[in-house]
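This report refers to the structure that appears directly beneath it.
The values are calculated or read from the model by the stated rules, or taken from the named source; none is laboratory data. Note that the structure is a prediction, hence the values are computed from the model and not measured. Note that each Cβ is placed from the backbone with ideal geometry, even for glycine, and that neighbours are counted across all protein chains shown. Just the protein is used for accessible areas: all its heavy atoms, side chains included, with ligands, DNA and RNA removed. Shrake-Rupley method; radii C 1.70, N 1.55, O 1.52, S 1.80 Å.
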Amino acid sequence: MPWSKMDTQRQEVSQFRARLWWALLLIVIVFVGLVSRLVYLQVWQYERYATESDDNRQQLQAIAPTRGLIYDTNGALLAGNRASHSLTLVPEQLIGGRRGIDNVLAELAQVVSIDQNDVKRFNRRLNQPRRPHSPVALRFQLNPTEIAQITVNQHRLPGVRIVPELVRFYPLDKGFVHALGYVGRINDRELAKLDSANYSATHHVGKLGVERFYETELHGNVGYQTVETNARGRVLQVLDRFEPVPGKDITLFLDAQLQQTAAKLLEGKRGAIVAIDPKTGGVLAMASAPSYGANQFVTGISNANYQALRGSDDLPLFNRALRGRYPPASTVKPVMAIAGMDSGIISRKYSLWDPGYYQLTEGGRLYRDWKEGGHGRVDMHKSIVESVDTYYYAIAHIMGNDPMTKYLAQFGLGQVTIADQPEATKAVLPTQQWKRINRSASWFPGDSLNLGIGQGFLSATPTQLATMAMVLANKGKWHQIRMIKAIDDQPVEKVSDIGRNDPKQPSDVALERSSDWNKIHSAMIDVMHGKKGTGRRSGAESSYKMAGKTGTAQVLGIKQDSTYDAATIAERFRDHGLYIGWAPAKDPVIAIAVIIENGGGGSSAAAPLARKLFDLSILGAQSKAKAKEGAQNDG
Amino acid sequence: MADFQRWAPDAQKHLKQGPGLWVKLRLDPFLLVLLLAIMSFGLLVLYSGSGSSEAAVQKQLIRYGLALLGMVIITQINLRNVQRWIPLFYIIGLLLLLAVLLFGVGAKGAQRWLEIPGLPRFQPSEVMKLLVPLTLSWYLSSRPRPPHLIHVLVAVVLVTLPVLLIAKQPDLGTALLIGSSGAFVIFFAGLLWRYLIAAIAIGAAGLPLLWTGMREYQKQRVITFLDPESDPLGAGWNIIQSKIAIGSGGIDGKGWLQGTQSHLDFLPETHTDFIVAVLAEEFGLMGVCLLLTLYFLVLIRGLMIAGAATHPFDRMLAASLTLTFFVYVAVNIGMVTGLLPVVGVPLPLVSYGGTAAVTLMASLGILMSIHARRPQRT
């Protein structure tokens, strides 16, 4: 080995050893630092920490933020907060500690009513992970007599406390639950997901609907205070306090009057109504019937009531507006006509002779029109006005599946486009691939025919149909469908404005010839105002023009050669009545979808309800405007 | 020769005896005794911290047994001879970390585990704790020393990749340990002081720049991270309670199983990252100082082994592993006593948990292996 190399090696080793000394120096410094810290804590500050540890008289209490309020578009309160008193126990402070719980419960039972369920739920809460010295709720919504009785006996019951808290209250309750959702007590599963620090004083969380989607905004941020307590846990002194940040207030597009009317119109029926403002995409009304009261869920619904709701054949808990999947039936015909014309497959002048049925092959299965004997010569305009099935069997046969599903998708079918209703479902927009996967069968021409009249595998939710009505009314212009209008008075155009994910939304529908929109519009106006329009009775005697399309969805496949008689079929097998439309026809302020389950035809069951809501939102608004004008003139 | 023997009479005796038992086993009795002492002390505290759970102690005993076995196996390997496989393992480790981000499983918003059918669930980041110092030692030992700037930069990249992947899981504690293990290798490779000072200066200058570039909520997170007591219900709760536990322990402690803070459930995570608070509460300042002394002796032994090693690969590796062990101790105790922000770093050989114990013992095994292969002075 050459000397020079050995030399550098030796140099390197000595340099390395020098660095080891540096490392040792670092280690010693840090260890001295750690030991000094320990000496500081364990010797210097010993007295302080020993006291804090001994009696734990200083406690940190979390303060729940006040939940944000929810308003309708005109500022009417939809969800507020009210005071409620609950009975709580601090297990560590009871006589006999945690082992004394049974005695205390027995004693309390003599003062206020406590049933088995209360005790069962109390035990469950007790076993959830929690901070020591934090209260565990036993009963909610104590009435004044109960409060008085507990207060009188409180000296005998250390660790038992009456805790006032603000709980959610829905002043308009029943008709609104399917639009707003509700809050309920936090359960184990939610507890695991929530930020435990921020929710350490919160007992409720949004379970459904708007309350669930905007939970973060409505909840706010927790505050806390350090308090000094006596041995019984009574607060003697607040040492420091950090105020909670209240939740933000939310304004919805929902119009309380329209919503209430929609709910009233649905009373005694099964069905749903969704109304959307075509200028903004805001949901004006979202009603589903039968419904239920939301307030009972806030403080804990009784088991019997809950079972009654769950067990009902009418499924009141089911949100038909967002989750009900119905065959849209003839309400898709305007879109089918657009598909035919715009794809260039069907001539704009295409017409056929309607004998009352359509056949794929001579002598094959008869695809029936709703009118026996047929409509005679039918062109596109007439096919919409009179809802001629034969016409759509024919054009569906010519087009095949792909153009139809492509255009239906552009109008929002088969996808969730509402931004802030987490329960919404996308229903089914059947493609060939869909059928292969879900039905293990290939696509038959008959499937296209059924799709052409909005039956077969196709299904849509009332929210999707109202969206389709909006896009039709807007001549293809899309807006984000949403409940929220503003948050803390800041307008929200899209939920991404407040950091949420926008749902995927089709781009605006651009037709090759924009005059096609006018063709469709004029046909849909004639549905309501034409001599033979299927909705003419609902469109009659009105001071404004409206546009719409009725639909009647078969619940039961009607056998070949059997005549159809609604009366003989059990009520549950009667047709669903559907309607989509908007008003005023030229400058729409409301687009709507109405579905009445087993209500019979769309023109008799659904369209009249829409008319009432049109009147309310247009004439109601006009009369209001007039009144305002009058007031200004007076001033 | 005769002269020499006269001058060094013991030398011949040594030659006659041949290698002793410890040398044959390639174990270092000093380190072994120290770590057995730490583990026994740890089990004592663990029994108390886990709420007198014999099951927890038993489970930990089994883990220690397996980890010891793993350590003995590793000491039999001369890592210098398998050096050429290191880069391959490093790349596999990186891919596994990527896999964790893509398909990993975990709890509480952190994705750290990988479940491969047929294999037990494991944490690739733990393996990286060994692979990063190994890779860097391999890379820098075959380059000229002190390393050129370009080699330093490559080494920095080799460290930064896994650190970023792990920080993204997020597992800041492990990212910190791995980052520092890499930094130590570079330091012991003879990084010129001027580079070191420049790096520190750039880092210090970059911080304010980073700060101004951050969004408001990110700033808020950093503030709670640095000052957990501003969030007393969340991150601060642990710190406040552990300080009460430590402080109330005093000089001689409340006695074994007598800690009120830990036994009344005020103190969270008593058997994992915060176990030293239980120790401090029950055994007082004297107990913690005893443990710190044991750790200090481990570190001294580690530095001695590094100093005695002749091959650059062995030297850098031994020194880096020793210093990483030091970072474990310093960060864990610093965080539990409220000096450092809370990051998940366990107390070595004491905290409950299997994977960390295995990696730590493996790194001690590497130290012993290096020691066993030092040139014998005869």
Taking A:Leu38, A:Leu69 and ranking on accessible area (1.4 Å, protein atoms only), highest first, one gets A:Leu69, A:Leu38
Expected integer from the mean partner chain Cβ neighbour count at 10 Å over B:246-259 is 4
A student asked for the Cα radius of gyration and Dmax of chain B in angstrom ought to give 22.4, 80
Ranking A:Tyr49, A:Tyr224 from most to least accessible area with a 1.4 Å probe gives A:Tyr224, A:Tyr49
Reported to the nearest 10 Å², A:His479 has, with a 1.4 Å probe, an accessible area equal to 40
Burial-style ranking of B:186-192, B:84-90, average other-beta-carbon count within 10 Å with highest first, yields B:186-192, B:84-90
If every Lys and Arg gets +1 and every Asp and Glu gets -1 at its Cβ, then about the Cα centre segment A:64-252 yields a dipole, in debye to the nearest 20, of 480
With the charge dipole of the protein assembly as shown built from beta-carbon charges (+1 for Lys and Arg, -1 for Asp and Glu) about the Cα centre, the Cα from A:Gly247, A:Gln421, A:Ala460 projecting farthest to the positive end belongs to A:Ala460
Quick calc of log₁₀ I(q)/I(0), segment A:64-252, Debye, one scatterer on every Cα, no solvent, q values 0.09, 0.16 1/Å, result -0.37, -1.11
When chain B is treated as a Gaussian network with springs between alpha carbons less than 10 Å apart, the largest mean-square fluctuation among B:Ala199, B:Ala356, B:Ala306 is found at B:Ala199
Nearest-0.05 FRET efficiency for A:Ala441 and B:Gln58 at R0 = 56 Å, using Cβ-Cβ distance, is 0.45
Summing -39500 (n - 2.57) over every DSSP H run of at least 4 residues in chain B and dividing by its residue count gives a helix-only mean residue ellipticity at 222 nm, to the nearest 500 deg cm²/dmol, of -23500 deg cm²/dmol
Short to long, in 10 Å steps from zero, the percent of alpha-carbon pairs of segment A:27-154 per bin is 9, 26, 24, 17, 13, 8, 2, 0
Residues meeting the amide H criterion for A:Val183 (H placed from the backbone, H to H distance under 5 Å, 5 or more places apart or on another chain) are A:Lys207
Note: A:23-33 gets an average of partner chain Cβ contacts (10 Å, Cβ to Cβ) equal to 5
SASA check, B:Ile251, accessible area w/ 1.4 Å probe, all protein chains in place, rounded to nearest 10 Å², comes out at 90
Measure of exposure for B:Tyr64: accessible area at 1.4 Å probe, Å² rounded to 10, is 10
In the protein assembly as shown the DSSP beta bridges are antiparallel at a rate, in percent to nearest 5, of 95
In debye to the nearest 20, the charge dipole size for segment A:374-477, taken about the Cα centre with +1 at each Lys and Arg Cβ and -1 at each Asp and Glu Cβ, equals 200
Taking every alpha carbon pair in the protein assembly as shown and sorting the distances into 20 angstrom bins from 0 up to the bin holding the longest one, the percent per bin comes out as 11, 30, 27, 22, 9, 1, 0
Diffing segment B:290-295: the Karplus 3J(HN,Hα) column from phi (6.51, -1.76, 1.60, θ = phi - 60°), in whole Hz with x for Gly and Pro, holds 4, 4, 4, 5, 4, 4
Of B:Thr260, A:Thr417, A:Thr151, ordered by accessible area with the largest first and a 1.4 Å probe, the sequence is A:Thr151, B:Thr260, A:Thr417
The aspartates and glutamates whose Cα lies under 20 Å from the Cα of A:Lys406, excluding any fewer than 8 residues away in the same chain, are A:Asp342, A:Asp447, A:Asp508, A:Glu512, A:Asp516
Net charge (Lys, Arg +1; Asp, Glu -1) of residues whose beta-carbon lies under 11 Å from that of A:Lys279, A:Lys279 excluded, is -1
Correct semi-axes for segment B:289-375, from √(5λ) of the alpha-carbon gyration tensor and rounded to whole Å with the largest first, are 25, 13, 11
Neighbours of A:Ala289 by Cβ distance under 12 Å: Lys/Arg at +1, Asp/Glu at -1, summed charge +2
Partner shielding of B:292-299, taken as the mean number of other chain Cβ atoms within 10 Å, equals 2
Pairs over 29 Å Cα to Cα, from A:Lys207/A:Lys426; A:Lys349/A:Lys494; A:Lys426/B:Lys219, come to A:Lys349/A:Lys494; A:Lys426/B:Lys219
For B:Lys24, counting only lysines whose alpha-carbon sits under 16 Å away and dropping same-chain residues fewer than eight positions off, the answer is B:Lys16
